[in-house]
Structures are given as C-alpha cells and as structure tokens.
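Below you'll find the structure, written out as structure tokens, and then a few comments.
Derivation of every value follows stated rules applied to the coordinates shown; laboratory data play no part. Every value quoted in this text rests on a predicted model; they were computed, and no experiment measured them. Quick reminder, even Gly has a Cβ in these numbers, built from the backbone with ideal geometry, and neighbours come from all protein chains shown.
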Amino acid sequence: MEWIQSINKAIEYIEEHLTEDIHCEEVAGYVHISLFHFQRTFNLLTGMTVGEYIRKRRLSLAGEELTKENTKVIDVALKYAYHSPESFTKAFTRFHGITPSQAKRGCELKSFNKLVVKISVEGGTIMDYRIEKKEEFRLLVYAKMFTDESSEKGIPAFWEEYYQNEIYKKAPGYLGICAQEKDGAEEFMYGIGCDVGDVKEIPEGFQIINIPAYTWVIFKCVGPTPDAIQKTWEVIYREWLPGADYELVSDYDIENYLPGDNTSPDYVSEIWIPVKEKA
C-alpha cells in the first residue's frame, strides 16, 4: 500500500508546483523513491509518464485561464513553463484541438483532472512466482540509453534492431536488463544479451555488467511476448508490490525469455526483481 500512498503524495507535490520547473528527480526524492522506480511505478499505475501527466495538467489549466477576461496568451504560456508563445501554441493545439486564440473566443476545450491513484481489491490476479537467492553474476549485453518517455516505443524497436541487424549472431539475446547506472540520472540503460559464460570472448559493441548478490522474486509470465511480459509488469506494480512483504532494493530488473515459440499462448518468460523483506 505504501506505493499507492507515495504516488498520490507525488501527485500532490506536482500539483503544487505546476507553475514551476518540475524535475522528476525532485519529485522522486520528495517521496523517497529512486528515480528509476518512481518513473516506472507512476507509468504502470497511471498509464502515462510523469512528463505526460504534467503536460496535460498544465494545458488543461491553461485552457481554463484563457477563458477569463483580460488574459494574454503569452502570460499563460510563461506561467505554465512554456518559454515561447510558439511552443505553447503548438502544445496547446495538439492537446485541445484548437489554438489559444480560439480558446479565448469561447471554443470548446478539453479538461484533464488531477489524478488520484487507488487500489482495487476486487478481481485479484493469481501470480506464479518464486523467491531465489543468487550470488553475484555477470551479463554480456548490447546496450542503449533510454528515457522514461522514449522507452515505450524505443525498447521494442531496439529488440527488432538486435535481430534485423543480426547482432544476435555475436551473442544470444535471451535476457533484457534495465539498470539505472547513476543515481538521479534521467536516462537508464537497457541491455539485450546473455550470461557472460555463453560466449568465448566479448564481441565488439557489447559490455559486461556485474549484477550483485541479491534475493530475487521471479515471476512466471505465460503467453506471447511482449503482451504477457507487459501485463505481468502491470500486475506486479498494481497488485503484488502494494500487498507484498517485500520491497525493492535496487535499480535493476531482468526479463528472461526462455526457449520456445514466443508467439505461442503457452510460451513462458520471466521477470526478475531484486527484493528484501520489509522490516
């Protein structure tokens, strides 16, 4: 339940600072969650990135303000952190479907209200998982940096690149690993690869990642990829973590794609997350 409370607290912080520059790192620090896990949790619980939420709330409130008398477009743009009337007009038009000038003349606007995240105890999902302690191990990965907003489309495209460009011939790609390499960094690393013991030498373009010893919760995902993996991630953050006796301990997670036909309804993959028991 702490996750839900923390995200709601973060939303309150965002609402109080909508007319200021808001950085995800500051919000994550305010609720005492790492930037990596804060962005992922927010996305999975709300269905949007932190940046999307901030933009939609600002543009919704900006629309309301433009309906008032004696309101100038440039003043509203600056108030909601747009540094030029042009960038504000472009974002405003994309969101509302009309220009700020049309909004001032009384045209219909769109509204996006403040979020309140709740957890439902109905329709709970049965999850297959196991807890395993693993000593330090090493992974060989072909890696790329992503932001929270670029990852949704970027990571699937990265997998396509891995196979279309025949990078898999250098090293088998059955693991996907997320890692926050530096505290507070806006970008995180996503790597595709395998256990370092699967290859004789490090291919060009690859790197080795040392994964420390952790206790891991390993979730079983059944069904075609990427849908089965994505649905399991949602259930982990919406249902399992809020009620579990474990908490996250690291900015790592691993997706393990087991041998088999990954388009089959019976295909099995795994999600690995490092945890510790709650005090």
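What the table shows:
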{"quantity": "Alpha-carbon centroids, the stretch 137-192 and the stretch 67-101: separation in whole Å", "calculated": "37"}
{"quantity": "Spin-label model distance (nm) - THR67 vs THR147, 7 Å beyond Cα toward Cβ", "calculated": "3.1"}
{"quantity": "Relative contact order for the chain, counting Cα pairs under 8 Å that sit 6 or more residues apart, in percent", "calculated": "19"}
{"quantity": "Computed [θ] at 222 nm, deg cm²/dmol, the chain (DSSP H ≥ 4; -39,500 (n - 2.57); rounded to nearest 500)", "calculated": "-11000 deg cm²/dmol"}
{"quantity": "Using θ = phi - 60° and Karplus 6.51 cos²θ - 1.76 cosθ + 1.60, couplings along the stretch 266-279 (whole Hz; Gly, Pro as x)", "calculated": "9, 4, 10, 10, 9, 10, 10, 10, x, 9, 9, 5, 5, 5"}
{"quantity": "Helix 50-66 axis, angle to the chain major axis (alpha carbon atoms, nearest 10°)", "calculated": "10"}
{"quantity": "Cut-off of 10 Å, at most 13 other beta carbons, DSSP loop: longest stretch of the chain lacking such trypsin sites (Lys or Arg not before Pro)", "calculated": "201-277"}
{"quantity": "Full-extension gain in nm, LYS169 to ALA157, via 0.36 nm per residue minus C-alpha separation", "calculated": "2.5 nm"}
{"quantity": "Candidates CYS107, CYS221, CYS194: whichever shows maximal mean-square fluctuation once the chain is modelled as a Gaussian network with Cα springs under 10 Å", "calculated": "CYS107"}
{"quantity": "Relative contact order [Cα under 8 Å, 6+ residues apart], the stretch 1-158, whole percent", "calculated": "23"}
{"quantity": "Above-threshold pairs, the threshold being 30 Å between Cα atoms, out of LYS153/LYS200; LYS9/LYS153; LYS9/LYS134; LYS68/LYS114", "calculated": "LYS153/LYS200; LYS9/LYS134"}
{"quantity": "J(HN,Hα) series, the stretch 187-196, from Karplus relation 6.51 cos²θ - 1.76 cosθ + 1.60, nearest Hz, glycine and proline x", "calculated": "9, 10, 8, 10, x, 10, x, 7, 5, 4"}
{"quantity": "Over the chain, volume per residue of the alpha carbon convex hull, in Å³", "calculated": "163"}
{"quantity": "Whole-Hz couplings from phi, Karplus 6.51/-1.76/1.60, listed for the stretch 198-207; x for Gly and Pro", "calculated": "7, 10, 7, 8, 6, x, 4, x, 9, 9"}
{"quantity": "Neighbour-limited loop hits for GluC sites (Glu not before Pro), the stretch 185-278 (at most 16 other Cβ within 10 Å; DSSP other than H, G, I, E, B)", "calculated": "GLU186, GLU201, GLU204"}
{"quantity": "Inter-label distance, nm, simple model (7 Å from Cα along the C-beta direction), ASP195/TYR30", "calculated": "4.5"}
{"quantity": "Acute angle (nearest 10 degrees) that the helix 148-164 long axis makes with the longest principal axis of the chain, alpha-carbon atoms", "calculated": "40"}
{"quantity": "The stretch 1-102: GluC sites (Glu not before Pro) falling in loop per DSSP and having at most 12 other Cβ within 10 Å", "calculated": "GLU20, GLU69"}
{"quantity": "Helix 35-46 axis, angle to the chain major axis (alpha carbon atoms, nearest 10°)", "calculated": "70"}
{"quantity": "The chain: most fluctuating residue of ILE155, ILE192, ILE202 per GNM, C-alpha cutoff 10 Å", "calculated": "ILE202"}
